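> Sharing a structure below in structure tokens format, with a few things to ask.
The values are calculated or read from the model by the stated rules, or taken from the named source; none is laboratory data. Note that the coordinates shown come from a computational prediction; the quantities given were computed from them, not determined experimentally. All Cβ positions, glycine included, derive from the backbone under ideal geometry; neighbour counts span all protein chains shown. What goes into the accessible areas is simple: the full protein's heavy atoms, side chains included, and nothing from ligands, DNA or RNA. Shrake-Rupley method; radii C 1.70, N 1.55, O 1.52, S 1.80 Å.
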Amino acid sequence: MYLTDEEKQILDGQKGEAPQLAMEILKKIGEINGAKRLIPIKSVHLVLHAYKSAFDAGVDAAEKIAEMGGRFTVPTTIDPYGMDAENWRAARTPESYAVQQIRLANAVMKMGVIPVWTCTPYYGFNLPKFGDHIAWSESSAVAYANTVLGARTNRQTAIVDICCGILGKTPETGMHLKENRYGEVLIQLKIDREFKSWEYSALGYLLGKKLGSKIGVVNGMKGNVKNENLKSLCAAAAASGSVTLLHIVGITPEARSIEEAFGNNEIKEELIITEEDLLNTRDDMCTVKEGKVDFVALGCPQYTINEIVRVYELLNGRKVHPETAFWIYANSYAIDLAEKMGIRKKLEDAGVVIRAETCMIISPISEWGFKTLMTDSGKCSYYGPAECGTEIIFASVEECVEAAVSGRYVR
Ligand code: F3S
């Protein structure tokens, strides 16, 4: 792989220990993936964020790189905190876990991370433009950045993302190259109406299963598709499969038409998706169909202020059932707005808990002993059984709110 004179100096250790390590790692990764060079990036989004997934080795590595002088040279944001950022004790986080989480946070802060603690950095100031090269790790955010914003990023991994942040560069491979971004499978939606909100998650989940890592071109999406719908779709597709980019015709900047999305590629594979397919997928996303619900968890990816307001409206003055925990996960932007609007207090008075800057998957919730988790998230329904140790019911947000009030879900 070609290195500039400055990059060679970094590799020789002339700019310090951490940049040297970062260059060694990126050079190796670039060579394995056939990159010809490194390219500058506009931002990084890290996933060395939670002790639950970093473990002791991740904490030690982050501290070591910070001690070696690792400092980010481009804006670098980070995924959710590994426990409730406002009150981890009230969230029954074990002390030993909290100690490690705080060590991890201190290490990445020392490197200069911007502590957004969110998987939706694109709803804050880390908003790439069409064609920007970035190096992001969070799979849902990667799919959103490529699909909705037309930015260019591979699915980075922990530590490699830190290296990209230190150097402000990434190997020019995969999604960074236009020729690798063309569609491979045509997906024809045979649903002649605007989607219901849960159907975006179900579609994402189904596409993830069908596509794996192939690039799908989705044709026929109707109506007023909200940013939150695309967030849910991308997150589910990136969880049940390795989807990095979907072309949604009329939405994705590189897919103003089917022809543009496929570029030089021939259409060799075509899938038809019907309403019945989405209903069947919804069944596949549940481990139980109905019954007592002791945990309703919304906000994967973290809820926006619009979604929090929707829950408030759906509750309509009613209280949460005393035997059901109803938690909403949100980042600090959404929480601040909910406070300013007076909605947080009203939700809390109704029995809803807003968990700050974390999520149900990457925080330790086993202490609560929940049996059945109900969610409107495709990504949560995919990871929930393993990460939360619960049964899963996937449903619409309307049904989730009704279950939180009654304590039961009946289809
Ligand atoms: Fe975000 Fe956690 Fe879901 S990081 S996408 S809320 S698993």
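> Go through (1) away from the ligand (no atom under 15 Å from the Cβ); (2) surrounded by fewer than 21 Cβ atoms within 10 Å (Cβ to Cβ); (3) touching a residue at least 24 places away in the same chain (Cβ under 8 Å) for Arg89 and report which single condition fails.
All conditions are met except number (3).
> Counting only residues that are open to solvent by less than 30 Å² (accessible area, probe 1.4 Å) and not in a loop (DSSP other than H, G, I, E, B), which one in the stretch 1-28 is farthest from His176 (Cα to Cα)?
Ala18
> When both residues are 6+ apart or on different chains and their Cβ atoms are under 6 Å apart, which pairs have a first residue that lies in the stretch 232-257 and is among the acidic types (Asp, Glu), and a second that is away from the ligand (no atom under 16 Å from the Cβ)?
Glu254/Gly150
> May I pose another question? Kindly provide the set of residues from the stretch 179-208 that are free of Cβ contacts under 8 Å to residues at least 40 places away in the same chain and either open to solvent by 30 Å² or more (accessible area, probe 1.4 Å) or on the phi > 0 side of the Ramachandran plot (or both), ordered by number.
Result: Asn180, Asp192, Arg193, Glu194.
> Continuing with the same structure: I need the full set of residues from the stretch 237-289 which are in a loop (DSSP other than H, G, I, E, B) and out of contact with any helix residue (DSSP H, G or I) (no Cβ under 9 Å at 6 or more places or on another chain), in order please.
Gly250, Arg256, Ser257, Asn265, Glu266, Lys268, Val288, listed by residue number.
> In addition: Quick check, is Cys388 at pLDDT 95 or above, in contact with a Phe, Trp or Tyr (Cβ under 8 Å, 6 or more places away or on another chain) and near the ligand (Cβ under 10 Å from one of its atoms)? Talk me through it step by step, then tell me what you get.
Numbers: at pLDDT 95 or above: yes; in contact with a Phe, Trp or Tyr (Cβ under 8 Å, 6 or more places away or on another chain): yes; near the ligand (Cβ under 10 Å from one of its atoms): no.
The answer is no for Cys388.
> Within the stretch 180-236, track down each residue that is aliphatic (A, V, I, L, M) and within 16 Å of the ligand (Cβ to nearest atom). Break it down into steps so the answer makes sense when it comes.
Looking only at the stretch 180-236, we keep the residues that are aliphatic (A, V, I, L, M), and these are 185-187, 189, 191, 202-203, 206-207, 211, 215, 217-218, 221, 225, 230, 233, 235-236.
The answer is Leu230, Leu233, Ala235, Ala236.
This table checks each residue for (1) in the same structural domain as Tyr329 (by TED's automatic domain parsing); (2) over 14 Å from Thr147 (Cβ atoms).
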position: Ile191; (1), (2): no, yes
position: Phe195; (1), (2): no, yes
position: Leu207; (1), (2): no, no
position: Leu211; (1), (2): no, no
position: Lys226; (1), (2): no, yes
position: Leu246; (1), (2): no, no
position: Glu266; (1), (2): no, yes
position: Ala297; (1), (2): yes, yes
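> Another one. So how many residues does the stretch 361-388 have that are in a loop (DSSP other than H, G, I, E, B) and either on the phi < 0 side of the Ramachandran plot or open to solvent by 60 Å² or more (accessible area, probe 1.4 Å) (or both)?
Final tally of qualifying residues: 9.
> Here is a further query. In the set Arg318, Arg310, Arg355, which member is within 16 Å of the ligand (Cβ to nearest atom) and among the basic types (Lys, Arg)?
The unique qualifying residue is Arg355.
> While we're here: Evaluate the following for Glu391: is it of a type in the set (Asp, Glu) and under 13 Å from Thr287 (Cα atoms)? Show your work before the answer.
Details: of a type in the set (Asp, Glu): yes; under 13 Å from Thr287 (Cα atoms): yes.
Yes; evaluated as a whole, the condition is true for this residue.
> Report whether or not Asp132 is over 18 Å from Lys231 (Cα atoms), more than 16 Å from the ligand (Cβ to nearest atom) and free of Cβ contacts under 8 Å to residues at least 40 places away in the same chain. First the steps, then the outcome.
Values: over 18 Å from Lys231 (Cα atoms): yes; more than 16 Å from the ligand (Cβ to nearest atom): yes; free of Cβ contacts under 8 Å to residues at least 40 places away in the same chain: no.
When the stated conditions are applied, Asp132 does not pass them.
> Could you list all residues from the stretch 140-172 that are away from the ligand (no atom under 16 Å from the Cβ), part of a loop (DSSP other than H, G, I, E, B), open to solvent by 20 Å² or more (accessible area, probe 1.4 Å) and on the phi < 0 side of the Ramachandran plot?
The answer is Asn154, Glu172.
> How about the stretch 29-139: which strands (runs of 3 or more DSSP E) wholly inside it have at least 2 residues that are modelled with pLDDT under 95 and within 24 Å of Thr304 (Cβ to Cβ)?
Of the strands (runs of 3 or more DSSP E) lying wholly inside the stretch 29-139, none has at least 2 residues that are modelled with pLDDT under 95 and within 24 Å of Thr304 (Cβ to Cβ).
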